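In what follows, a structure is listed as structure tokens, so that the remarks can point back to it.
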2 protein chains.
Amino acid sequence: MECELCRGAGGTLLWQDGYCRVVAVDEPGLPGFLRVVLQRHVREMTDLDEAGRARFMGVVFAVEAHARRSLQPDKMNLASLGNLTPHLHWHVIPRWRDDRHFPGPVWAVPRHEGPVPAARIEAARRMAETLPAALAACAQGAEP
Amino acid sequence: MECELCRGAGGTLLWQDGYCRVVAVDEPGLPGFLRVVLQRHVREMTDLDEAGRARFMGVVFAVEAHARRSLQPDKMNLASLGNLTPHLHWHVIPRWRDDRHFPGPVWAVPRHEGPVPAARIEAARRMAETLPAALAACAQGAEP
């Protein structure tokens, strides 16, 4: 298949059910960057029915809540773009005032230099470990 | 007030109810760029309760559906960032393969040159005109 999110997980698989999965994105400058990926190849949120949208966003917001509890970031960023890979996936990105792109979006040119605090990398590792338990209430079968 | 989305509409006001508003963003290279802005100053989606999130996303998806019907873009982009203005607002951005940033996010460096097709600008103008009727079913009072 041509779509990379049909062919592979799209990151380190942390959790999944029949409808969507959560993967960790390997971006060393942005610890805690996760993606929520629909298991099926669907292009736009408005191609899902209302129940499907609600279920997908329920997982996105559960991931945001877990990231906030685990990391206490300065801001959360959420985005569904998919221009290169038109297979629904949400970027869930914890942001800090000292991260390389802040206050710009992570896709804009970097504004700062400097290492990521070790404590933040460790907290992101723990967040990934505890994510399955935090999302247990979201797990359902394939249909919304 | 310090927050620009508490102080002003944040764009050309197209529609509002007691909970949120839709404004047109003046970005000449990106016709049809809209924002859905919460009327209250709230920082994160997970600071809203479940009913509030569902109501807000209901308007975001109604705007996306109207933009797709009106403009037939190649892709829709949705994002809630708020690093500079931490007052909940969703960017709803129709994208075309020939737009200046495609396939990058609109916040990345431009990749193309060239004028925006006149027909697209006209379609975006009509989309803004017809948005209130398209969102009539979303209108409610202040509480979710």
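The values are calculated or read from the model by the stated rules, or taken from the named source; none is laboratory data. Model, not experiment: these values are computed from the prediction. Methodologically, a virtual Cβ is constructed for each residue, glycine included, from the backbone with ideal geometry; neighbour enumeration extends over all protein chains shown. Only protein heavy atoms, including side chains, enter the accessible area calculation; ligands, DNA and RNA are left aside. Shrake-Rupley method; radii C 1.70, N 1.55, O 1.52, S 1.80 Å.
Summary of values
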item	result
Members of the stretch B:65-85 that become less accessible by 50 Å² or more once partner protein chains are added (1.4 angstrom probe, chain alone as reference)	B:Arg68, B:Lys75, B:Leu78, B:Leu81, B:Asn83
Shortest-first distances to equivalent copies, position A:Ala108, nm, label 7 Å out along Cβ	1.6
Chain A - Rg over Rh from alpha carbon coordinates, Kirkwood radius	0.96
Residues of the stretch A:28-63 buried by at least 10 Å² on assembly (accessible area, 1.4 Å probe, chain alone as reference)	A:Arg43, A:Glu44, A:Met45, A:Thr46, A:Asp47, A:Arg53, A:Met57, A:Phe61
Nearest beta-carbon to the A/B symmetry axis - residue in chain A, distance in Å	A:Ala79, 2
0 to 90° range, to nearest 10: angle between helix B:50-71 axis and chain B longest Cα axis	20 degrees
Label spacing, shortest first and in nm, from A:Glu50 to its equivalents in the remaining copies (7 angstrom along Cα→Cβ)	1.6
Size of the stretch B:34-76 as Cα extents on the principal axes (Å, biggest first)	33, 17, 15
For A:Ala9, inter-copy label distances in nm, listed shortest first [label point 7 Å out on the Cα-Cβ vector]	4.7
With every protein chain in place, the stretch A:1-59: carbon and sulfur % of accessible area (1.4 Å)	46 percent
Environment charge of A:Ala119, counting only residues whose C-beta is closer than 12 Å and scoring Lys/Arg +1, Asp/Glu -1	+2
Summed buried accessible surface, chains B and A, 1.4 Å probe, nearest 100 Å²	2800 Å²
Cys residues of chain A counted as unpaired, since no other Cys beta-carbon is under 4.7 Å	A:Cys20, A:Cys138
Percent RCO, i.e. relative contact order, over chain A, from Cα pairs under 8 Å lying at least 6 residues apart	30 percent
Whole-Å distance, taken between Cα centres, linking the stretch B:1-70 and the stretch A:80-144	23 Å
Nearest 10 degrees, 0 to 90: helix A:118-134 Cα axis against chain A principal axis	20 degrees
